[in-house]
1. Residue under question is LEU40, and the condition is that it be in a helix (DSSP H, G or I), at pLDDT below 95 and over 28 Å from PHE5 (Cβ atoms); does it hold?
2. Kindly indicate the residue of the range 114-132 that is in contact (Cβ under 8 Å) with a residue 40 or more places away in the chain and outside any loop (DSSP other than H, G, I, E, B) and also most open to solvent (accessible area, probe 1.4 Å) among those meeting that condition.
3. Could you list, in sequence order, the residues of the range 11-67 that are free of Cβ contacts under 8 Å to residues at least 60 places away in the same chain, surrounded by fewer than 18 Cβ atoms within 10 Å (Cβ to Cβ) and among the hydroxyl-bearing types (Ser, Thr, Tyr)?
4. Looking at the range 68-85, I want the residues that are farther than 15 Å from LYS46 by Cα and have a partner that is β-branched (Val, Ile, Thr) and surrounded by 15 or more Cβ atoms within 10 Å (Cβ to Cβ) with Cβ atoms under 6 Å, at least 6 apart or on another chain. Which pairs are those?
5. For the range 101-111, check the following and say yes or no: at least one residue is closer than 27 Å to GLY10 by Cβ and touching a His at 6+ places or on another chain (Cβ under 8 Å).
Amino acid sequence: IGERFHKRTGKTFVVTSGTRDPDNQAALIYDKLVQGEDLLKLYKDKSAVLELVHAFEEARADKKSKAQTVAAIAATIRAQMKRGIYISAHLKAGAADVRSSTMSPAEKRIFAEAAKDVGLAIMLEATPPHFHLQLE
């Protein structure tokens, strides 16, 4: 992808995330929820999403700190993983994120084409702006 992107644009791109542990995933989910993102539109497993949203809302209702709320979400993610449920492929080394905020619309299109050409599923996310590449 990097070679194809560079050949067409003369630029490189930045990989911002790869494999995550439950704590890192929980912190990202916390930030998305605080910013009002609809996780039901983002993740496929709706029941897993609802468990995470419930953990977030319960902690917030109990006036928990950010750290305590993230810990509650992380505990929910760990419980899901024990049941074989992975809210994100990042938890299984199956995804990577690439910064999109520094790309022009044409560069975004070229990047998406390069990723698709090598068989990756790709999604442009808004919070924060990035491409999510599904590796598995």
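1. So LEU40 fits the description; yes.
2. Across the range 114-132, the extreme among qualifying residues is ASP117.
3. Across the range 11-67, the qualifying residues are THR12, TYR43, SER47, SER65.
4. ILE73/ILE29
5. yes
The values are calculated or read from the model by the stated rules, or taken from the named source; none is laboratory data. Here the structure is a predicted model, which means the values were calculated and not measured. Cβ sites come from the backbone with ideal geometry, for glycine too, and all protein chains shown count toward neighbours. For accessibility, only protein heavy atoms count, side chains too; no ligands or nucleic acids. Shrake-Rupley method; radii C 1.70, N 1.55, O 1.52, S 1.80 Å.
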